[in-house]
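The values are calculated or read from the model by the stated rules, or taken from the named source; none is laboratory data. Being a predicted model, the structure only gives us computed values, none of them experimental. Each accessible area value is taken on the protein alone, full model and side chains, heavy atoms only, with ligands, DNA and RNA left out. Shrake-Rupley method; radii C 1.70, N 1.55, O 1.52, S 1.80 Å.
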Amino acid sequence: MAPQPSFPVFQEVMWNEYCVVFPCGFRHPFSEQVQYTALKGWLRKQEVMLNGSADHALHFGTTKSGWHRHYIHLDLDRCAWFGADPNLTRSVAVTMKIKLSRGKGLGSVLFDAYNCCLYTNVRDKTQLGLGFDHQLLLLQAANEQDATDWIVAIASCLYFGSAAYESLVNDCERFFKATGKGNQRLTALEACNLMLLMGRSVSLEQVLQKEMTLNGGKGFNQHEFVRLVRTVCRDAEPAEELLRAFALFGHGNSDCLHVDELCHVLHHHGVSDDVLRALLRAARLSEDGTLHYREVVAAIYSSSNLAMLYLPVKSKQNEEQLVS
């Protein structure tokens, strides 16, 4: 009897305002192209799974059978699948064959109607999953690179249609208009200073490099300034970013937070109970209900340099046992 996996075969792909973050720590910039044109192509697809079947597939994977070739259409609003390319005219015989084929069909996931989650198969990196409304859509690309491209494209669509992206754009527009430049372009130095005022960690060298990439050194209009804010910081260490966020709640030089304070703030900002429970599991609560947020960050990003400094030895051993 084959041993049961101790951790999910499908693990969630995350993203922030800078980039898409894979479970292994690999970071990839968003696909800007999805804002202007749809991504289309052929992928293999399983029947959409529901509830228990979806949970089982995420944890244990799926069988090698049951995959059927589908034409996938992805844009900012939806991920849709068809039995054949809908842009091509088909004979009556081909239409009937598709209609009678087991596993073939059409459907879609509307991004604004569901809270979607994106997954990659850590054992077979050609497979990806899209979770929505307690359902799971499993797709398989021809190779790992194609799968990565589709994952990044789907994550980009989900981010560009999110309230977080809208809030970022509004913040950038508000700061840009406050300069009083009107329709004039910001110089690299002005853009750098503006980003620092927004609380972004950035250097003039980074801004100059991005300026050359965007328009050959002609400064930044409002749209390009949004691109600058989103992309120039994408190589930031996520553990350090989270550490700075925790430090905002700190008191003086202490790295301790009370659990009630943390829960109140995270709930206020829409963090789910499941995420909050996972966060608290990573923490070591003291008797008075406080936690050391450096240890929390080190536990979440166990492969970072912070883990070597702050992760308790016992937790490291437990993690090694879990992985093995």
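Values as computed for the structure displayed
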quantity	calculated
Heavy-atom accessible area per residue - the stretch 158-200, 1.4 Å, Å²	57
C-alpha center-to-center spacing [the stretch 1-71, the stretch 151-185] in angstrom	27
Placed amide H near residue 31: partners under 5 Å, 5+ positions off or other chain	156
Exposure of residue 203 as accessible area (Å², to 10), given a probe of 1.4 Å and all protein chains	50
Cα gyration tensor, the stretch 6-71 - rounded (a/c under 1.5), prolate or oblate	oblate
Probe 1.4 Å, protein heavy atoms only - accessible area per residue of the stretch 35-81 in square angstrom	55
Rel. contact order, % - alpha carbon contacts under 8 angstrom, at least six apart, the stretch 1-66	39
Rounded accessible area of residue 114 (nearest 10 Å², 1.4 Å probe)	80
Solvent-accessible area, 1.4 Å probe, carbon plus sulfur percent, for the stretch 103-167	45
Accessible surface of residue 192 - all protein chains present, 1.4 Å probe, nearest 10 Å²	10
